Structures are given as structure tokens and as C-alpha cells.
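Student: Handing you a structure now.
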Amino acid sequence: MSEKHTHDVVIVGSGLAGLRAAVETAGRLDVALISKVFPTRSHSGAAQGGIAAALGNEEPDSWEWHMFDTVKGGDYLTDQDAAEVLTRDAVRAVYELEHMGVPFNRNPNGTIAQRAFGGHTRNFGEAPVKRACYAADRTGRVILDTLYGQCVQRGIHVYPELSVVDLLVRDGVVCGVVALDWATGALHVFHAKAVMLATGGFGKVFKTTSNCFANTGDGAALVFRHGFPLQDMEFVQFHPTGIYGLGVLISEAARGEGGILRNRLGERFMERYAPTIKDLAARDVVSRAIMSEIRAGRGIDGRDFVYLDLTHLGKERLAERLSDISSFVRIYLGIDPAEAPIPVQPTCHYMMGGIPTDVDGRALDVQGRPIAGLYAAGECACVSVHGANRLGCNSLLDLVVFGRRAGRHMAAQVPSMDLTPLPSQAEAPVRERMEKIKERTTGVRPAVLRERMQQEMMERCGVYRTREGLDKALETVRGLQEECRRNVFLDYRGERYNTDLMEALELESLLTLAEVILVSAASRRESRGAHSREDYPDRDDQNFLHHSLVYRDGDKIGVAAKPVSITRFEPKPRVY
Ligand SMILES: Cc1cc2nc3c(=O)[nH]c(=O)nc-3n(C[C@H](O)[C@H](O)[C@H](O)COP(=O)(O)OP(=O)(O)OC[C@H]3O[C@@H](n4cnc5c(N)ncnc54)[C@H](O)[C@@H]3O)c2cc1C
């Protein structure tokens, strides 16, 4: 038996994208907000560095410069109509957050303080500009808490610790979801006029990642399994500075505040790779530079990491501006960053790809038509403002700008929409899947398959890729999918808080997305942004200045091209 609920709208995910959308619909629609983790534990709360907006509080800035940086940073795969919406709306969005109660750091004159960040420049690439608004190095945490408070105040109906495990689709119309309640093991069927997915990223596909455990991409995987496309999935951002061996993030704010990357010889090697903005070049450029230093034997002690040097910033500045990351380094490495450099290596950080949407958050099919009843926003979506490589501080902005727009569109459209009847036996496919797993008493544990997938993806689909490596990884991942289908078993088969079952279901999402990433990466025979093919080292605008769509076509996987919107900035070679 399952419990049934009916709401106007179901929002899945309570990071900043889901919360911002919920705030917008409050009082106008009956909304259910479902989240796998308690809302304030969503990964948005881990965001450290800041949120970008051309407030111009520190020095002159403009939304056009911000838009240019976003397009250039995205290696010209950014949809420029969407980037214009993002950067024009940024200033309003940040002041709105301020008015809701977000405690940003301030200048002595009371204005919101801003700092430098990778790829943020003035006058179309001339020199770095201070554009990141921040609250020390816990910007995401304070925005998440503020927006959650706003949802509570507005009486949003939250269903915490329920995982959505299926999307309900009837005659091409999305009309609800099936969710599993971790506390009881019961299935819940949610019937709604519209479903919005805001399930975040899926860094857990890779071994070394800055992402939290919940980032398994369930929403994107469900969309794909139901035959809808995913866009630009080959573009996986590796952040240059993860703590060595752990992947925990050291925010770019550390370099924004003056931190310097050094190799074994003590050289500031970024001077060679990006002479103008050096350590503040875009993330893909810095990650590749680090990997090149390591490959040339200039990693520290010849090993696979370099140093991030903050020692010259002084104890006081570290305590005031970078206190959280200083404490991570002290706790995890036993190092005081004021006295010794930090060992770092690239860590999987952000997915540029996801569910294709328009600027109102409507999810799109392969032909680019809105899918009835389905919205998406945030990291699980691809609108696409980040193109082939996201700039730091543009994700938090994307969440609040496009989360709000999706909420606004739903508030306007949903009241006149009908409730599509549910498919019969809505929860039967999920129940069958779960029972099959629970019936087995021997086999392989989900964690074993997950580790093999993560290792393979890291090795063959990381910062550098080749055709041969991608083919090999695809074979491995398909083998793991088969093993997962036939052989996964659980040590614990009970109903309450069955985290073994959670891992098995999440593994299905991760393996689905790993395959999509590999297929997408193999089909893009060029290097652009975060996608770096050693066998095709150059960007090829002639053949690949387009988005990739990957979708399920019966038993096969289809790949299609989708045009990029170019309105203001013609593609130019990327020079730093
Ligand atoms: C360590 C770190 C630091 C970062 N720093 C910055 C920064 O300084 N500036 C910046 O702009 N960006 C930053 N980013 C990126 C940014 O934080 C993320 O892209 C963003 O927070 C994603 O937000 P979201 O709302 O899409 O989803 P998330 O905040 O990831 O939330 C996902 C939500 O979906 C729910 N969910 C997932 N699956 C299911 C399911 N099956 N059923 C029900 N609910 C589900 C989860 O419970 C959660 O509530 C950082 C990222 C990381 C990892």
C-alpha cells in the first residue's frame, strides 16, 4: 500500500533552486517540497566563495562585462539569451536576498562587500574585477538558511527525508512522482499538475569530488530513463583546488584573496599558462595547468598534487575571510594555512549539463518543445548559462534567478492546467524494482560497484580524455549496469532507514548518468571548456559549436545536436 497526496505542484529538491521556486509560488499554489535530506543539509549549504553580481560596490562593473565573462568562460557554448537574463537580473537578485535577511559581508560604508574570483573581469577581459558578493566563506550556508526561513514563514508544505524514486508520466504528460519515506520504508504517490526537479548535481559519479553524498543525480537520471533528453553532459567541471586525497573544496575565494599555486620548484606556474589573470584564470584552465605540471614531474615531491600557498595572507585575513576552509585544512590535514602551503589537486565539482530548459524553467524534449508538466532548475538543469565551463559564483546566481523564474511561470500557468490522471498502478514498477533487490541474499554490494564506477570515471573521463579511454570506460560502466541489475544485494532488508536500499537505488542513477556522460564525451571530437580530448586538442567551431543532446531511443542511446544562441559575442579563440 502507498500513501497518496495531491498538490498543485511538487518541487523535488530543497537546495537554493527548489527553495527559491517555492518562495515564488507560496500563497498562489498548493506546493509540496520533497527532499531526500533535511532542506538545510542540501549541498547549496556547502557553497563557500560567493554569488556573482555586477553591483559595482568596489570598482566600476557592468552586467555586459559579467555577461561577456560568462560567455567566454563557457567557451562560447553558453546560450547568450539566457546569459543576458542571468547577468541583467543578478543585481536585483542579490539585493532581494539582502532584503530577505542574508548577512553579506559589508564595506565600511555599509554596502555589500565584493571580492575577485576566477574569470571575473572588467572591460571585456582587461583585468580582474571584484564581483563576488560573499558572507565569509559560507555564502551558500547563509542563503540556504535564509530561504528556508522564508519557506517556513510562508507555510510551504515540506516532506523531508523522502527520496523521489520515479517520475509519473501519462501520454507524455508529467503528472507526479513516487517517493520513498526513509523513516518508514513506505512509498508515497504524489499527484500534481506540475513537477519541478531541483535535485542538484552528481559529482558522486567520480572518485574525487567536492560534492556531498546526496549528489547522485536522481532527477536527471529519471528524466533520461523516461526517454527525455539530457544536454551537454560531457562538460564536467573539475575544480583546481580540492584538498589532496579527499576532494574537499578549498574555495576559489582563497585565490581571490591572493592565494598562489606553486609547483615542486616553488614556481608560480600559472604565469606561464594565463599571463594576464594567472591564478584567477577559469577553472578548466587552472585544472589543466595543474595536471600538466604533475605530468611534467613538477608535482610536489614528484607526486600528483601541487601547493596552494596562503601563508602571505596573514592569520587575521584568513580568520576573517577564509575561516571555514582554514578550519577544514587544520582538521583534515593538521596544517595551519597561515604557516604552511596546502596540498591540492583537481576535484570533480560541478555538472554544466543536465535537463534542458528554457529561461522559464520549462523542461524541453529533443525537438526543443516544452514537456507538459515538467520544470527543472539549478544544477540538475541546463538552461544553458554555463556553456562548456561554469564561472565561480555563477551557480548560486543561476539558482536564485532561474529558480524564481520557474516558480513565477508555474504560479502563472498551473492554475489553468488540469490534473492529468495518474498511470494505473503508479508505484508498481518501483515496488517491483525494490522487491527484486530485497529478495536476493547473495551477490554484490552497491558500494563495490559504485567504487569501480567512480575509479573508472576518474581515470578515463576526468580532466583529460581520449577515444580509447572513453570506449573502455563505457564497456566497464555497461558491465557494471548489468551487474547492478542482476546481482546487487543488501545486508539489511528492513523497512526503517534502509540506507543500503538507498545506496542501491542511487547507484542506478549514478550508473545511468555515467553512461550518458561517456556517450556524450565520445561524440564530441574537440576540446572545449572543461571537455579536453587529447586526441582532438583544439576547439572546432566548424563542427561542434552546438549543444549535445543524449536520449534513450528504445534500447539504444541517441545523440543529437542543438544550436547555441549567439546574440552579442561572436566566438573568439580563448586567450588568457
Ligand atoms: C563545496 C562546494 C562549494 C561551492 N561553492 C560555490 C560558490 O561559492 N558559488 C557558487 O555559485 N556555486 C558554488 N558551488 C556550486 C553550487 O553550490 C551548486 O551548484 C548548487 O548549490 C546546487 O544547488 P541546487 O539547488 O541545484 O541543488 P542542491 O543544493 O545540491 O540540492 C539538491 C536537493 O535535491 C534533493 N534531492 C536530490 N535527489 C533527490 C531525490 N531523489 N528525492 C528527493 N530529493 C532529492 C536533495 O535533498 C537536495 O535538497 C559549490 C559547490 C560545492 C559542492
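The values are calculated or read from the model by the stated rules, or taken from the named source; none is laboratory data. All values derive from a computational prediction rather than experimental measurement. Counting neighbours? That spans all protein chains shown, and the Cβs are built from the backbone with ideal geometry, glycine included.
Student: Residues to consider are CYS461, CYS393, CYS382; find the one that is more than 16 Å from the ligand (Cβ to nearest atom), modelled with pLDDT of 95 or more, of a type outside the set (A, V, I, L, M) and crowded, with 24+ Cβ neighbours inside 10 Å.
Tutor: None of the other options fit; the residue is CYS461.
Student: Can you tell me which residues in the range 541-562 are out of contact with any strand residue (DSSP E or B) (no Cβ under 8 Å at 6 or more places or on another chain) and either at pLDDT 95 or above or of a type in the set (A, V, I, L, M, F, W, C) (or both)?
Tutor: The first filter runs over the range 541-562 and keeps only residues out of contact with any strand residue (DSSP E or B) (no Cβ under 8 Å at 6 or more places or on another chain), leaving 541-543, 545, 553-556.
Result: ASP541, GLN542, ASN543, LEU545.
Student: Can you name every residue in the range 27-39 that is within 16 Å of the ligand (Cβ to nearest atom) and more than 17 Å from the chain's Cα centre (by Cα)?
Tutor: VAL31, ALA32, LEU33, ILE34, PHE38
Student: As an exercise: evaluate ARG255 against (1) more than 9 Å from the ligand (Cβ to nearest atom); (2) within 28 Å of LEU364 (Cβ to Cβ); (3) of a type outside the set (S, T, N, Q) and give the number of the one condition it does not meet.
Tutor: (2)
Student: Based on what the data block shows, is SER520 among the polar types (S, T, N, Q), touching a residue at least 40 places away in the same chain (Cβ under 8 Å) and buried (at least 19 other Cβ atoms within 10 Å of the Cβ)?
Tutor: Considered against the rule, which asks whether it is among the polar types (S, T, N, Q), touching a residue at least 40 places away in the same chain (Cβ under 8 Å) and buried (at least 19 other Cβ atoms within 10 Å of the Cβ), SER520 comes out as yes.
Student: Now for a different question. Among (1) buried (at least 21 other Cβ atoms within 10 Å of the Cβ); (2) outside any loop (DSSP other than H, G, I, E, B), which single condition is PRO337 missing?
Tutor: So PRO337 meets the others, but not (2).
Student: Let me ask something else. Could you tell me whether the range 40-54 includes any residue that is more than 9 Å from the ligand (Cβ to nearest atom), crowded, with 19+ Cβ neighbours inside 10 Å, more than 30 Å from GLU161 (Cα to Cα) and more than 22 Å from the chain's Cα centre (by Cα)?
Tutor: yes
Student: Something else about it: Kindly evaluate GLY387 against the criterion of being more than 9 Å from the ligand (Cβ to nearest atom), over 16 Å from the mean Cα position of the chain (by Cα), buried (at least 24 other Cβ atoms within 10 Å of the Cβ) and over 14 Å from PHE228 (Cα atoms). Before the answer, list the steps.
Tutor: On the way: more than 9 Å from the ligand (Cβ to nearest atom): yes; over 16 Å from the mean Cα position of the chain (by Cα): no; buried (at least 24 other Cβ atoms within 10 Å of the Cβ): yes; over 14 Å from PHE228 (Cα atoms): yes.
It is false that GLY387 is more than 9 Å from the ligand (Cβ to nearest atom), over 16 Å from the mean Cα position of the chain (by Cα), buried (at least 24 other Cβ atoms within 10 Å of the Cβ) and over 14 Å from PHE228 (Cα atoms).
Student: When you scan the range 366-382, how many residues do you find that are part of a strand (DSSP E or B) and among the polar types (S, T, N, Q)?
Tutor: Residues in the range 366-382 being part of a strand (DSSP E or B) and among the polar types (S, T, N, Q): 0 in total.
Student: Read through the list (1) outside the structural domain of PRO370 (by TED's automatic domain parsing); (2) at pLDDT below 95, then give the number of the only condition that VAL164 fails.
Tutor: With (1) outside the structural domain of PRO370 (by TED's automatic domain parsing); (2) at pLDDT below 95 applied to VAL164, the lone miss is (2).
Student: While we're on this one: Within the range 296-305, identify whether any single residue is under 23 Å from MET352 (Cβ atoms) and either modelled with pLDDT of 95 or more or in contact with a His (Cβ under 7 Å, 6 or more places away or on another chain) (or both), and answer yes or no. Break it down into steps so the answer makes sense when it comes.
Tutor: Our first condition is that a residue be under 23 Å from MET352 (Cβ atoms); within the range 296-305, this holds for none.
No - not one qualifying residue is present in the range 296-305.
Student: Which of (1) part of a helix (DSSP H, G or I); (2) in the same structural domain as ALA26 (by TED's automatic domain parsing); (3) of a type outside the set (A, V, I, L, M) is the odd one out, the single condition ARG390 does not satisfy?
Tutor: All conditions are met except number (1).
Student: Report whether or not LEU510 is within 16 Å of the ligand (Cβ to nearest atom) and on the phi < 0 side of the Ramachandran plot. Spell out the reasoning first.
Tutor: Working: within 16 Å of the ligand (Cβ to nearest atom): yes; on the phi < 0 side of the Ramachandran plot: yes.
Yes, satisfied.
Student: Which residues, counting only those in the range 170-207, are in a loop (DSSP other than H, G, I, E, B) and surrounded by fewer than 23 Cβ atoms within 10 Å (Cβ to Cβ)?
Tutor: Within the range 170-207, ASP171, GLY172, TRP182, ALA183, THR184, GLY185, ALA186, LYS207 qualify.
Student: Scan the range 64-88 for residues that are away from the ligand (no atom under 15 Å from the Cβ) and either in contact with an Asp or Glu (Cβ under 8 Å, 6 or more places away or on another chain) or within 26 Å of GLY259 (Cβ to Cβ) (or both) and jot them down.
Tutor: TRP65, MET67, PHE68, LYS72, ASP75, TYR76, LEU77
Student: Same structure again: For the range 110-147, give me each residue that is farther than 26 Å from ARG88 by Cβ and either surrounded by fewer than 24 Cβ atoms within 10 Å (Cβ to Cβ) or β-branched (Val, Ile, Thr) (or both).
Tutor: Scanning the range 110-147 gives ALA136, ARG138, ARG141, ASP145.
Student: Additional query: Go over the candidates GLU24, GLU58 one by one and state the one that is closer than 25 Å to GLY110 by Cα and more than 6 Å from the ligand (Cβ to nearest atom).
Tutor: GLU58 is the lone residue from the list that is closer than 25 Å to GLY110 by Cα and more than 6 Å from the ligand (Cβ to nearest atom).
Student: Right, here's the next one. Please find, within the range 265-282, the residue that is farthest from GLY125 (Cα to Cα) out of those that are out of contact with any strand residue (DSSP E or B) (no Cβ under 8 Å at 6 or more places or on another chain) and either within 16 Å of the ligand (Cβ to nearest atom) or in a loop (DSSP other than H, G, I, E, B) (or both).
Tutor: Looking at residues that are out of contact with any strand residue (DSSP E or B) (no Cβ under 8 Å at 6 or more places or on another chain) and either within 16 Å of the ligand (Cβ to nearest atom) or in a loop (DSSP other than H, G, I, E, B) (or both), I get LEU265.
Student: Output the number of the condition that VAL400 fails; it satisfies all remaining conditions of (1) within 28 Å of SER548 (Cβ to Cβ); (2) away from the ligand (no atom under 12 Å from the Cβ); (3) of a type in the set (A, V, I, L, M).
Tutor: (2)
Student: Which one of ASP500, ASP538 is of a type outside the set (Gly, Ala, Ser), farther than 21 Å from MET351 by Cα and not in a loop (DSSP other than H, G, I, E, B)?
Tutor: ASP500
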